[in-house]
Amino acid sequence: MNAQVDIQSRNGLDLVQMGQTVEALKNNPSLAQFEFRASNQWVNGGENRSTIRGFYGAGAEDDSRIEDFVFTNGEPPVLLGNNEGANPVEFLLHALAGCVTTTTVLHAAARGITIRKLSTRLSGNINLEGLLALNDDATVGYESIRILMDIDADCSEEELDDLLSFAKNHSPVCNTVCRPVSVMLERI
């Protein structure tokens with residue numbers, strides 16, 4: 001008779017592994033310190049490529065990725081590009097959507113909430129006068145970002161509202177966008 005391993009999962013996440021990870025971090029908070037990295041190379045005009053692979057986390061350099069992730073940044077013709085790829089502010093929306101989604105799914109699983117469907121649409125408003133230094137009063141970057149989330153889960157409306165508020169407040173990308181963060185630009 002074969003013994004079957006019963007892996008509990010919710011929302012595609014292994015609850016046993018989740019519990020082990022949380023317990024390990026409680027017992028050794030230094031494991032929570034991560035350093036993510038990206039490299040970028042200019043190609044031409046508004047086109048450049050970012051490469052992402054290695055990172056440090058859980059007390060060690062990660063070696064799980066066998067090849068680089070490569071992302072081409074470009075611009076549409078109206079912004080002097082050739083649509084080589086999404087532009088960096090669009091990638092920011094992508095990162096924000098991904099992080100808020102993952103944070104929602106993770107914390108829903110931890111709360112015993114099963115998500116049946118989740119999708120988001122994001123939009124952000126930018127005034128190019130800030131980028132181009134044409135108006136000192138214009139914001140450089142997004143003036144506002146709106147996330148529209150369509151979610152169906154096995155919980156009450158109140159629990160869902162609480163989950164989404166918690167996810168917004170605990171999403172690393174959302175928090176990075178919503179608060180001042182130190183960024184140093186150094187020549188090497």
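The values are calculated or read from the model by the stated rules, or taken from the named source; none is laboratory data. Not measured: the values here are computed from a predicted model. As a convention, Cβ positions derive from the backbone with ideal geometry for all residues, glycine included, and neighbour counts pool all protein chains shown. Just so you know, the surface numbers come from the protein's heavy atoms only, side chains and all, with ligands and any DNA or RNA stripped out. Shrake-Rupley method; radii C 1.70, N 1.55, O 1.52, S 1.80 Å.
Taking only the Cα atoms of the stretch 64-131, the radius of gyration and Dmax are 16.5, 49 Å. Pairwise Cα distances in the stretch 93-142 exceed 11 Å for 73 percent of all pairs. Looking at the stretch 15-67, what % of the alpha carbon pairs are farther apart than 13 Å? For the stretch 15-67, the share of Cα pairs beyond 13 Å comes to 69 percent.
Ranked from largest to smallest solvent-accessible area, with a 1.4 Å probe on the protein heavy atoms, 170, 107, 94 come out as 94, 170, 107. For the chain, the solvent-accessible area works out to 73 Å² per residue, with a probe of 1.4 Å and every protein chain left in place. Pairs of Cα atoms under 8 Å, at least six residues apart: use those to get the relative contact order of the stretch 99-173, whole percent. In percent, rounded to a whole number, it is 40.
Which percent of the accessible heavy-atom area of the chain goes to carbon and sulfur, probe 1.4 angstrom? Could you put the intermediate results ahead of the total?
Details: 7220 of 13760 Å².
The nonpolar share, carbon plus sulfur, comes to 52 percent.
Of the residues 120, 104, 139, the one with the largest accessible area comes first in the ranking 139, 120, 104, computed with a 1.4 Å probe on protein heavy atoms.
For the chain, the longest principal axis of the Cα atoms and the long axis of helix 15-27 meet at an angle of about 80 degrees.
What full-extension length gain, to one decimal in nm, is calculated for residue 9 and residue 21 as 0.36 nm per residue of separation minus the Cα-Cα distance?
Additional length available on full extension: 2.9 nm.
Express in % the proportion of alpha carbon pairs of the stretch 1-117 at distances exceeding 21 Å. List each step's numbers first, then the result.
Numbers: 4082 of 6786 pairs.
I get 60 percent for the Cα pairs in the stretch 1-117 exceeding 21 Å.
The heavy atoms of residue 63 present about 130 square angstrom of accessible area, all protein chains included, probe 1.4 Å.
Loop only by DSSP, 10 or fewer other Cβ within 10 Å of the Cβ. Give me the trypsin sites (Lys or Arg not before Pro) in the stretch 16-60 that pass, ordered by residue number.
Details: sites: 26, 37, 49, 53; in loops: 37, 53.
Here the trypsin sites (Lys or Arg not before Pro) that fit, given the DSSP loop and packing criteria, are 37.
Summing Lys and Arg as +1 and Asp and Glu as -1 over all other residues whose Cβ lies under 9 Å from the Cβ of residue 82 gives a net charge of -3.
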